[in-house]
Amino acid sequence: MIKNIARVFSALSLALVPLLSAPAAQAAPAPDVTTLADAVGLVKVTEEDRTGYTRTKFKHWNSGDDASDGCNTRAEVLIAEAVVAPAVEAGCKLSGGTWRSYYDGQEVTSAGSLDIDHMVPLAEAWDSGASAWSASRREAYANDQGSAVSLVAVTARSNRQKSDQDPADWMPPSPEAQCRYVGEWVSTKLRWDLTADDRELEALKVYSEGPCEDTIVRYTPAA
């Protein structure tokens, strides 16, 4: 009996050794949190330059955050943002589901009617610093799911209207969406250390010092 107890104790001790000696899981860094006005003040200002830009310099969509799920980044974002989850069939074909396009307030029930918009468009990112990045960093930017605001599912129509314009030239048509949009735009610029030109910065200041002064910005710098 004593020997059996000793064996059990020994086995438990051995099982606990890896748990005790394993390094603690690294916690995700806490986001920086600030007011919209202060966040706008952190964005560096410089002239934009689109020389050499092509959309193909930002590889997307790649295999997404989970390479084993058979879904690319576009599909993973659609699944994550659905207000009613779609069925995921073979080959990551999505059927059913409901989404709300916050740019224009539209409810959408077909994944094919949605675009995945880059909050800061690829061309704007290129102008604002991405032209100096490596190809792998541009791919990381184009498929960024590390922030909930970098990629957003919206109606194809609103995305095409936006195109590659910054807030000086385009804002969501739904007034209720505009403060959220400005906050997420600035958050993305800070996350990726992207700059703004003078017109863009002035437009951001109009919102941050006026109707959107209570907006809070959260961002975590990209690795």
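Below is a table of values for the structure above.
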read-out: Strands (runs of 3 or more DSSP E) completely within the range 59-149 that count 3 or more residues being closer than 22 Å to P175 by Cα; value: 99-101, 106-108, 114-118
read-out: Where W185 falls short, out of the listed (1) out of contact with any Pro (no Cβ under 7 Å at 6 or more places or on another chain); (2) modelled with pLDDT of 95 or more; value: (1)
read-out: Residue count, the range 30-58 (criterion: open to solvent by 60 Å² or more (accessible area, probe 1.4 Å) and either part of a helix (DSSP H, G or I) or touching a Leu at 6+ places or on another chain (Cβ under 6 Å) (or both)); value: 7
read-out: Members of the range 109-128 found to be out of contact with any helix residue (DSSP H, G or I) (no Cβ under 9 Å at 6 or more places or on another chain), in contact (Cβ under 8 Å) with a residue 12 or more places away in the chain and either closer than 21 Å to T220 by Cα or surrounded by fewer than 21 Cβ atoms within 10 Å (Cβ to Cβ) (or both), listed by number; value: T109
read-out: Complete set of residues in the range 150-169 that are open to solvent by 60 Å² or more (accessible area, probe 1.4 Å), in a loop (DSSP other than H, G, I, E, B) and not small (G, A, S); value: D169
read-out: Criterion (crowded, with 18+ Cβ neighbours inside 10 Å and either under 21 Å from T56 (Cα atoms) or of a type outside the set (D, E) (or both)) met by exactly one of S136, S101; value: S101
read-out: Residue in the range 211-221 that is charged (D, E, K, R), surrounded by 16 or more Cβ atoms within 10 Å (Cβ to Cβ) and in contact with an Asp or Glu (Cβ under 8 Å, 6 or more places away or on another chain) present; value: yes
read-out: The one condition in (1) part of a helix (DSSP H, G or I); (2) in contact with a helix residue (DSSP H, G or I) (Cβ under 9 Å, 6 or more places away or on another chain); (3) of a type outside the set (V, I, T) that P173 fails to fulfil; value: (1)
read-out: Within the range 40-77, tally of residues that are touching a Ser or Thr at 6+ places or on another chain (Cβ under 9 Å) and hydroxyl-bearing (S, T, Y); value: 5
read-out: Members of the range 153-175 that are hydrophobic (A, V, I, L, M, F, W, C) and more than 23 Å from R50 (Cβ to Cβ); value: A153, V154, A156
read-out: Criterion violated by A142 - all others in (1) among the small types (G, A, S); (2) touching a Leu at 6+ places or on another chain (Cβ under 7 Å); (3) open to solvent by 30 Å² or more (accessible area, probe 1.4 Å) satisfied; value: (3)
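Conditions tested, residue by residue: (1) touching a Phe, Trp or Tyr at 6+ places or on another chain (Cβ under 9 Å); (2) among the small types (G, A, S).
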| site | (1), (2) |
| --- | --- |
| T109 | yes, no |
| R138 | yes, no |
| S147 | yes, yes |
| A156 | no, yes |
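The values are calculated or read from the model by the stated rules, or taken from the named source; none is laboratory data. Note that the structure is predicted; figures quoted are calculated from it, not measured. Reconstructed Cβ throughout: ideal geometry from the backbone, glycine too, with neighbour counts over all protein chains shown. The accessibility values were calculated without ligands, DNA or RNA, using every heavy atom of the protein model including side chains. Shrake-Rupley method; radii C 1.70, N 1.55, O 1.52, S 1.80 Å.
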